[in-house]
Ligand SMILES: C[S@@+](CC[C@H](N)C(=O)[O-])C[C@H]1O[C@@H](n2cnc3c(N)ncnc32)[C@H](O)[C@@H]1O
């Protein structure tokens, strides 16, 4: 019987609140079936689901290039580059570009696209928190809120690594979302049966979605429990640590990054009290 006490106890167990920043066994970014949906979402010019829309990406890359100053020999590394939408733009602004992403499907797409267009962009399929990346960059970018998905430990480790891969005075340019964004994009507690071709599987499955607040840590967990009928349930944790100007300034100060500019996004929009995003131009302090 589906609703046996044993099964309900199992579900109770699966739905328990994890410790802050506890990782789920799986990350959906790197799963084969889910990746196809993600690449389609990255490339869909009508949604902001995985990447921002093309006109914003173009504007943003041009603005970032103007902040850093492109030109021959200037090296830029884009962390979490996905299928390379920003890398292509940065190359067009004269940078020598490296893209890093741990999704082999996104990297395969990016490499194929670069080869098709004859662009000498270097792509690496790696976890930017765990791997030793090459050094000597003038700028590093991390775009579309990825910084907010990192635990405090991984975030500080990444900043420590960035100090090593950037040249003295090198730029780190990234965006974080604020509490206002988290409130307006809050995952509602919900469940649904997907009969076929869902986000998680191409066959029938049940999805339980819930978000949990960790207010003392400015963090929210989006938890997904996915139950296919003939496979083990899978659980995914997506952590959202939101920042204010004060909290992100303190994190960067402790890791020896100096903020040069703060904005409402990465196109240079002014930062307002109600901004959902903070775009940051920082430099490695020596
Ligand atoms: C929201 S998407 C943004 C992609 C790209 N920056 C853009 O805006 O088009 C986040 C990307 O970061 C990648 N990613 C997340 N964590 C990563 C990690 N630890 N190492 C490498 N890539 C990571 C994902 O695979 C995904 O492609």
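Taken together, the values in this text are just the output of simple stated rules run on the coordinates, not laboratory data. Computed from a prediction, not measured in an experiment: that's the story for all the values here. Cβ atoms come from the backbone with ideal geometry, glycine included; neighbour counts cover every protein chain shown.
Annotation: the antiparallel percentage among DSSP beta bridges lying fully within the range 104-207 is about 40. Only DSSP H runs of four or more residues enter the estimate; each adds -39500 (n - 2.57), and after division by the residues of the chain the mean residue ellipticity at 222 nm equals -9500 deg cm²/dmol. Spread over its residues, the convex hull of the C-alpha atoms of the range 104-188 is 144 Å³ per residue. Temperature 37 °C, viscosity 0.692 mPa s: under these conditions the Stokes-Einstein estimate for the range 218-286, based on its Kirkwood radius over C-alpha pairs, is 223 µm² per second. Projected over every direction and averaged, the convex hull enclosing the alpha-carbon atoms of the range 47-198 yields 11.0 nm². When every Cα-Cα distance of the chain is counted in 10 angstrom steps from zero, the calculated P(r) takes the values 6, 26, 35, 22, 9, 2, 0 percent.
Quick one: of the DSSP bridges fully inside the range 58-165, what percent are antiparallel, nearest 5?
Within the range 58-165, antiparallel bridges account for around 0 percent of the total.
Debye-formula intensities of the range 66-137, expressed as log10 I(q)/I(0) at q = 0.13, 0.18, 0.23, 0.26 Å⁻¹, are -0.33, -0.64, -0.99, -1.19 (one equal scatterer per alpha-carbon, no solvent). Please report, to two decimal places, log10 I(q)/I(0) for the range 146-207 at q = 0.16, 0.25, 0.27 Å⁻¹ as given by the Debye formula with identical point scatterers on the Cα atoms and no solvent. Once normalised to I(0) and log-transformed, intensities are -0.78, -1.03, -1.09. The convex hull defined by the C-alpha atoms of the range 1-102 has an orientation-averaged projected area of 9.8 nm². Here the calculated FRET efficiency for residue 244 and residue 212, from their Cβ-Cβ distance with R0 = 22 Å, stands at 0.60, rounded to the nearest 0.05.
The three principal axes of the C-alpha atoms in the range 177-265 carry coordinate ranges of 52, 24, 22 Å, sorted with the longest axis first. Straightening the chain between residue 286 and residue 258 buys 9.1 nm, computed as 0.36 nm per residue apart minus the Cα-Cα spacing. Mind pulling the angle between the C-alpha long axis of helix 104-117 and the longest principal axis of the chain? Nearest 10 degrees, somewhere in 0 to 90. Result, in degrees: 40. Peptides 64-73, 220-229 ranked from most to least packed, by the mean per-residue count of other Cβ atoms within 10 Å: 220-229, 64-73.
Of all DSSP beta bridges confined to the chain, the antiparallel ones make up roughly 65%. Taken as Cα centroids, the range 224-269 and the range 80-98 sit 22 Å apart, rounded to the nearest whole angstrom. Measure nothing fancy, just the Cα-based angle from helix 54-68's long axis to the longest principal axis of the chain, in degrees from 0 to 90, nearest 10. That helix lies at roughly 40 degrees to the long axis.
Where does the range 127-176 land on Rg/Rh, using Cα atoms and the Kirkwood Rh?
Using Cα coordinates only, the ratio equals 0.94.
When each of the peptides 262-274, 172-184 is scored by the mean number of other C-beta atoms lying within 10 Å of its residues, the order from highest to lowest reads 172-184, 262-274.
Shape of the range 126-234 from its Cα gyration tensor (a ≥ b ≥ c, root eigenvalues): rounded if a/c is under 1.5, otherwise prolate when a/b > b/c, or oblate?
It is prolate, given that a/c is not under 1.5 and a/b is the larger ratio.
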